[in-house]
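S.K.: Structure incoming, see below.
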Amino acid sequence: MTQVVALMRSLAFATALVALNLLVGLGPMQSQTAAAASPDLVDSDADDVADTPDPWQARVTGTGALGLRIRSGPGPSYPVTATIPEGTRVDVLEGPSSDSQGHEWYRVSSRARSSASGWSYASYLVEVESGDSDPPQVASARVAAPPAAPSGRSFTARVTAYAHGTRTASGTPVRWGVVAVDPKVIPLGSRIMIEGFDNVFVAEDTGGGVHGNQVDIYFPDVASALRFGVQTRTITVLN
């Protein structure tokens, strides 16, 4: 009887030992499975990083003496936070983002002063190579405070949109930046600013339906013109 009990204890110990070995043996297999799965997880993270666009550099172009007015958000309804001089190099950090009129905006940061950052109208940015050097006058430029209100004759006008024609009444090609006016109110050739827009428009066109305090903005496509519709805004005829 004593031998039977001892045999049973030996069998129980052997069974427990086998179970323990099996349990320990699962550890490396699980580690190998996790290790096999980890490259996929790393690759997924790498893809996410690769999808993030790298910043690129651009130069402020086409703003003239007014400079580039950058805003707190992607659209003319956002307040101006700073002005960057014409020709200045900027880092483009984000975008494009479209405003309600379908125009594209980029978030930029001035290389002259890193704290001057905001959203810029895409048309005023020209991509440059990072190795290009700045002209001396640009390299010495500093970011200015938001400009004072432009000087000139201001009044409230009915602002409409059009997207047809090939040449203006002045004989120039129609393009973004051209407006049609009543010459009795705004002489042809006048430079005007329209509330909500950063650029300076030029009065080069007329129209049979443009009378009195009315300005008709040329848009390059019908969809943009329809989105703008008819609005009432402040017009400033620059001195």
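S.K.: Provide the gained length on full extension for the span SER100 to LEU238, in nm with one decimal, where the gain is 0.36 nm per separating residue minus the Cα-Cα distance.
M.R.: 47.0 nm
S.K.: Let me ask something additional. Beta carbons within 10 angstrom, averaged per residue: use that to sort the peptides 231-239, 174-182, 201-209, highest first.
M.R.: The most tightly packed comes first, giving 174-182, 201-209, 231-239.
S.K.: If each of VAL128 and ARG227 carries a label point 7 Å out from its Cα toward its Cβ, how far apart are those two points in nm?
M.R.: About 3.0 nm, to one decimal.
S.K.: Work out how much length SER151 to LEU93 would gain on full extension: take 0.36 nm times their residue separation and subtract the Cα-Cα distance, in nm to one decimal.
M.R.: 17.6 nm
S.K.: Something else: Using a 1.4 Å probe, how large is the accessible area of SER170, given in Å² and rounded to the nearest 10?
M.R.: Solvent-accessible area, nearest 10 Å²: 60 Å².
S.K.: Search the structure for amide H atoms under 5 Å from the amide H of ARG69, placed 1.01 Å from N in the peptide plane, and list their residues when 5 or more places away or on another chain.
M.R.: So ARG69 has HN proximity to ILE84.
The values are calculated or read from the model by the stated rules, or taken from the named source; none is laboratory data. Predicted model only: the values in this text are computed from it and were never measured. Glycine also receives a Cβ, built like all others from the backbone with ideal geometry; neighbour counts cover every protein chain displayed. Ligands, DNA and RNA are excluded from the accessible area calculation, which covers all protein heavy atoms including side chains. Shrake-Rupley method; radii C 1.70, N 1.55, O 1.52, S 1.80 Å.
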